[in-house]
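J.: Before anything else, here's the structure in question.
Values quoted throughout were computed directly from the atomic coordinates according to the rules given, and no laboratory measurement underlies them. Computed from a predicted structure; not experimentally measured. Glycine gets a Cβ as well: all are built from the backbone with ideal geometry, and neighbour counts include every protein chain shown.
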Protein chains: 2
Amino acid sequence: MPTTADFERMLRGAALRVTRPRVAVLSAVHAHPHADTSSIIAAVRDDLGEVSHQAVYDVLRALTAADLVRCIEPPGSVARYEARVGDNHHHIVCRSCGAIADVDCAVGPAPCLTPSDDHGFTIDEAEVVYRGLCPTCSTTATDSRKDSRV
Amino acid sequence: MPTTADFERMLRGAALRVTRPRVAVLSAVHAHPHADTSSIIAAVRDDLGEVSHQAVYDVLRALTAADLVRCIEPPGSVARYEARVGDNHHHIVCRSCGAIADVDCAVGPAPCLTPSDDHGFTIDEAEVVYRGLCPTCSTTATDSRKDSRV
DNA sequence: CGGACATTCTTGACTGATTCCAGATAACCG
DNA sequence: CGGTTATCTGGAATCAGTCAAGAATGTCCG
């Protein structure tokens, strides 16, 4: 778990100004992997007191643009943010409860980056989303196919 | 291109009632691959006259549940629908203009379905989204890294 | 063919996430 | 320390999608 000083270094390293909200957001994303925006806002406010949601949205966008955090948008869910950047990893999303888990790339750094026919596109990234049931839901809800979206 | 009679057969085969809006929506999705909801609404209205957006949303959900159409939600875009179902294919999304193209699975029916560590999840599907630049954007905007979201 | 029933469509309002805007504030550099 | 500039605040607006109640329509069975 990085310290506040680490976060400040990360911000400076990305040519971003060091502000209280930015450090708090960065810290919140590190502390709560795959958190949605409202959770991050709550965590930041818990840390700093009142902070406008606009500031959090803006900070998240700045951090995303600087590759300090990554934004994932699972279907049927709101945007979520995570701090693991740089490595090529993917996600499992539970169909029932919406839980998200990290999955390291199965074979090598980027195995899926070479589709059979790229239609002339210049591909620079492949994102894989696995859908299924998390351990909890697969045991408790095996029979009742409740499709509740979180 | 299937005919209206084909669409009716598909609906009946899925135990769905055959109504004008449903046939029109199904036809629109077949005619406009990767169309977003508002485009589908426009196409349906062009065909039938006034149709409520609620009806289209409802029909799309019913068709999705019946596996007659598939819903894809690229990050930074609204939900889109396509008629190719049953085969395991993926998508390329252009970072610049948002264009979407189909990509058949590179190797075999479902190569990415086996991550290194599934965290106890029961995985039943893997969806791959390639990000990059479409042929048009890669030639016109190679130097200017405009990141406009569509 | 015709009527009963359940499903589906219409209308209209509403939520919730995200964005836009203008002005106040705070961080950085010299 | 002071000026410049990016950032934050607060409020309003937008947009996709959802909810709910009543009217209309398709399907099934006699």
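J.: Using a simple spin-label model with points 7 Å from Cα along the Cα→Cβ vector, what separation in nm is obtained for A:Ser138 and B:Asp58?
T.: Between A:Ser138 and B:Asp58, the label points sit 3.7 nm apart.
J.: What list of ³J(HN,Hα) couplings, whole Hz, do you get for segment B:16-26 from phi and the Karplus terms 6.51, -1.76, 1.60, once you set θ to phi - 60° and write x for glycine and proline?
T.: My calculation for segment B:16-26 gives 10, 5, 8, 10, 4, x, 5, 4, 5, 5, 4 Hz in order.
J.: In addition: Sequence gap at least 6, Cα distance under 8 Å: using those rules, report the relative contact order of segment A:1-102 to the nearest whole percent.
T.: Result for segment A:1-102 is 23 percent.
J.: Which distances, shortest first and in nm, link A:Val85 to the matching position in the other copies, using label points set 7 Å out along Cα to C-beta?
T.: Distances to the matching label points in the other copies: 3.9 nm.
J.: Turning to a different aspect of this structure: Taking the C-alpha atoms of segment A:1-99, how large are the radius of gyration and the largest Cα-Cα span, Dmax, in Å?
T.: Every Cα atom of segment A:1-99 included, Rg and Dmax give 13.2, 41 Å.
J.: Also, quick follow-up: Relative to the other copies, what are the label-point distances for A:Val18, with labels 7 Å from Cα along the C-beta vector, expressed in nm at one decimal and sorted shortest first?
T.: Ordered by increasing distance: 7.1 nm.
J.: Can you list the distances in nanometres, one decimal and ascending, from the B:Thr122 label point to the identical position in each other copy, with the point 7 Å along Cα to Cβ?
T.: Taking the point 7 Å beyond Cα along Cα→Cβ, the inter-copy spacings are 4.5 nm.
J.: Let me ask something additional. In terms of modelled amide H atoms, which long-range or inter-chain residues lie less than 5 Å from the amide H of A:His91?
T.: Result for A:His91 returns A:Val103, A:Val128, A:Tyr130.
J.: For a quick check: with amide H placed at 1.01 Å from N, whose amide H comes under 5 Å from B:Ala99's, ignoring anything fewer than 5 positions away on the same chain?
T.: Here B:Cys94 satisfy the definition.
J.: Follow-up question, since we're still on this one. Could you work out how far apart the two model spin labels at B:Arg12 and B:Val78 are, taking each label as a point 7 Å from the Cα in the direction of the beta carbon, and quote it in nm?
T.: In this crude spin-label approximation the distance works out to 3.4 nm.
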